[in-house]
Amino acid sequence: MKLLVTGGTGFIGSHTVVALIEAGHEVVIVDNLVNSQRNVVTKIKRITGVKPLFYKVDVAHEKGLRKVFSEHKFDAVIHFAGLKAVDESVEKPLMYYRNNLDSTITLLELMREFGVKNILFSSSATVYGTPKRVPLKEEDPIGGTTNPYGTTKLFIEQILMDFVAANPGFKAVSLRYFNPIGAHPSKLLGESPSDIPNNIMPYISRVANGKLSHLNVFGDDYETPDGTGIRDYVHVMDLAYGHLLALKAFEFDHAYNVYNLGTGKGTSVLELVHLYEKANRLKIPYVIGPRRSGDIAESFADISKAKTELGFVPQYTVKDACRHAYLFEKKQK
Ligand code: NAD
Ligand code: UDP
């Protein structure tokens, strides 16, 4: 297939581009580099032997994106582009709604105009709000998001549903990611935010490499076995293969479809710290602190739908991801 990948130089996008190229797909990347770097394209070439075409374009800018659509005939779009920092979204909600919604709407308008009928969208487990039960199933209620970032995901899912209902022949698939972690085993691609990381894995990796003094554990008084928050950590390469498999869903009858992508297993913050220590034979100093506002106690996926319908079976362990994340961070300045 010939695929347009928005946000393809970002963390999940770049790993997915590798998986797509290795499976023989042709990829064109569009990214405005607001949270990634152009040299990722060269790194993808070092891994796969193929340099994907890259356009530095803001997906919300109709003119720039139109040029890309007029120069290529795509079979499908994978839409990763978006802002994703939860705290920043609370401080700057309009920036998040403007960027994430405008980019999606502009993209869908051009897809309709150019007859590109299939879209895979990066959604998130955050759309489930505070879960009433775990593991989370796709049919569980969504809503009650606790920050504007999460609300953009919820709104975009609704926009996609309405769009495919109004445009026969168009298909949309939302992939609800749980907690992507790790890095490419080559150490060339990974997650290294320019600021102090918000997410736990890049934070631990900075502590492990001596760039931060200790991890702050956000609360040990949750109703979980060790009191710390439980999440479903999935290796980014498994998530990347999940996208490859999800392309199959365009052949199914549903105009709109949803899949959870996680591992189906929950890991607590302290379990993650201990796995990281074992994987890399080092110590992670940590301090137990207060809860982070908006955090939930427990979230992990039921992945049986992705397994049955797409053949999605994660191959890497959390410990593998800890090893890869550490080695990637070690290579960063
Ligand atoms: P990332 O920030 O590394 O990648 C997103 C990319 O989109 C970046 O390269 C950024 O430069 C680009 N971008 C942002 N706005 C753009 C715009 N208007 N036009 C063009 N490019 C733009 O983030 P990621 O972790 O790779 O996440 C990818 C997608 O998955 C995002 O939509 C994110 O919300 C979603 N997601 C991520 C997680 C996670 O924990 N990482 C979890 C659930 C969902
Ligand atoms: N967490 C933590 N310290 C940190 C960052 C995160 O204890 O510095 C905890 C957080 O409370 C949650 C888990 O780690 O229980 C995963 O948080 P992250 O921000 O990585 O992902 P989220 O599930 O919030 O999207």
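Please tell me if L189 is on the phi < 0 side of the Ramachandran plot, within 12 Å of ligand 1 (Cβ to nearest atom) and modelled with pLDDT of 95 or more.
Taking the combined requirement at face value, the residue satisfies it.
Which residue is surrounded by the most Cβ atoms within 10 Å (Cβ to Cβ), if the candidates are limited to segment 297-311 and must be touching a Lys or Arg at 6+ places or on another chain (Cβ under 9 Å) and not charged (D, E, K, R)?
A301
Tell me the residue from N198, N99, N209, N179 that is touching a residue at least 60 places away in the same chain (Cβ under 8 Å), over 19 Å from Y259 (Cα atoms), open to solvent by 30 Å² or more (accessible area, probe 1.4 Å) and near ligand 1 (Cβ under 10 Å from one of its atoms), please.
Going through N198, N99, N209, N179 in turn, the sole match is N198.
Given the criterion touching a Pro at 6+ places or on another chain (Cβ under 9 Å), in a helix (DSSP H, G or I) and under 30 Å from K265 (Cα atoms), identify the matching residue among V127, V90.
Only one candidate qualifies: V90.
If you scan segment 25-41, which residues turn out to be surrounded by 13 or more Cβ atoms within 10 Å (Cβ to Cβ) and either among the β-branched types (V, I, T) or under 13 Å from A81 (Cβ atoms) (or both)?
V27, V28, I29, V30, D31, N32, L33, N35, S36, V40, V41
Among the candidates T130, T152, T145, which residue alone is β-branched (V, I, T), more than 25 Å from M1 (Cβ to Cβ) and without any contact (Cβ under 8 Å) to a residue 40 or more places away in the chain?
Among T130, T152, T145, only T145 is β-branched (V, I, T), more than 25 Å from M1 (Cβ to Cβ) and without any contact (Cβ under 8 Å) to a residue 40 or more places away in the chain.
Just to check your reading of the model, which residue among Y259, Y222, Y233 is open to solvent by less than 50 Å² (accessible area, probe 1.4 Å) and more than 12 Å from ligand 2 (Cβ to nearest atom)?
Being open to solvent by less than 50 Å² (accessible area, probe 1.4 Å) and more than 12 Å from ligand 2 (Cβ to nearest atom) holds for just one of Y259, Y222, Y233, which is Y259.
State all residues of segment 296-323 that are within 14 Å of L272 (Cα to Cα), away from ligand 2 (no atom under 16 Å from the Cβ) and not basic (K, R); if no residue qualifies, say none.
Hits for segment 296-323 are T317, D320.
Kindly state which strands (runs of 3 or more DSSP E) lie completely within segment 214-291 and contain at least 3 residues that are in contact (Cβ under 8 Å) with a residue 40 or more places away in the chain and either away from ligand 1 (no atom under 16 Å from the Cβ) or closer than 23 Å to L327 by Cβ (or both).
Counting at least 3 such residues, we get 215-218, 233-235, 286-289.
If you scan segment 129-151, which residues turn out to be away from ligand 2 (no atom under 14 Å from the Cβ) and either closer than 23 Å to T263 by Cβ or of a type in the set (S, T, Y) (or both)?
K132, R133, P135, K137, E138, E139, D140, P141, I142, T151
The values are calculated or read from the model by the stated rules, or taken from the named source; none is laboratory data. Keep in mind it's a predicted model, so treat the numbers as computed, not measured. Positions of Cβ are generated from backbone atoms using ideal geometry, with glycine treated the same way; all protein chains shown enter the neighbour counts. SASA here: full protein model, heavy atoms, side chains in, ligands and nucleic acids out. Shrake-Rupley method; radii C 1.70, N 1.55, O 1.52, S 1.80 Å.
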